[in-house]
1. For labels at Thr116 and Asp250 in the simple 7 Å Cα→Cβ model, what's the distance in nm?
2. Which whole-number percent is the relative contact order of the stretch 159-256 (Cα, under 8 Å, 6+ apart)?
3. Tell me which of Leu228, Phe204, Leu188 sits at the most positive position along the dipole axis of the stretch 159-256, charges placed on C-beta atoms (Lys, Arg +1; Asp, Glu -1).
4. Highest mean first, what order results for 12-20, 238-246 on Cβ atoms within 10 Å?
5. Let me know the volume per residue of the alpha-carbon convex hull for the stretch 159-256, in Å³.
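Each value in this text was obtained by applying a stated rule to the coordinates, not by laboratory testing. None of the values given here were measured: they were computed from a predicted structure. Heads up, the Cβs are rebuilt from the backbone with ideal geometry, glycines too, and the neighbour counts pull from every protein chain shown.
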Amino acid sequence: MSEPTSFTLFPFLLPEIRLLIWEYAIQPRIITFQCSLYNFNIQDAPQTIYLVGGDPPYEHFEIGIPQRPTSPYYLVQCYPPIVASPPLLSTCHESREVALRCGYKPWRIENEARGTRNLMWNPRLDVISLETNQRRRFFQGSCIDVLVELFPEEVKEIRNLIFETIRWPPGEDENLGQWTKILRFSNLRQLAVLVESHDRRLDFMLKHAADGVRKCLAVAKDLQMKRLDAGSTEYLKLAAWFPSNVQVVDHESDILN
């Protein structure tokens, strides 16, 4: 006798049990964003696309200011190439209602080359991953810059963030500007830095690197607080900010464990 492949009695279960099953089926996802860089003519550059370029440290610039960077400079677009929608959103009306009630919402993403899409995501569960661009292998802070500038409201909601870097250890860096950008993720709970895995699998090495990341975040936070008025709402909110979980990992899926 063959094993059953479906459970036909599910609709006859008590509503309370069905709802619990739908909720249990909700799982966190890793949503990967890529930053694509394109050459462009400065005279014909679009007004709304984020731009990076110029001499080191490759600070971003805006098209509306009179200064122009020296070569190289690029147009940047930040986009998740392939993201499967959570099955519960399309299984049935009941499962969709449960998914929406549990926090799934649309993230509107515009891209001139690929069009506009609404990415369904759950800020409380999903992990936003920023992938290193192979064309410009400097620190992934550039992709963080783009995400912060293009999606400021979503950045405030992100609780789980992972980004890739080729630096080792990732926390030992004199340039704190890249870590200051992390402060913009005001609801961040979990931060992971993904490093290349060769000869870095020893747990104590990853733990030491994570301590360095925490130190850089703490220094960046202290410097930012000195620029704010003590006692202001922004000051008090930043004073209470710090990710509860900071990791350095050599595999992206480690952050879900």
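1. Each label point lies 7 Å from its Cα, and together they span 4.5 nm.
2. For the stretch 159-256, the relative contact order is 41 percent.
3. Result: Leu228.
4. 238-246, 12-20
5. 85
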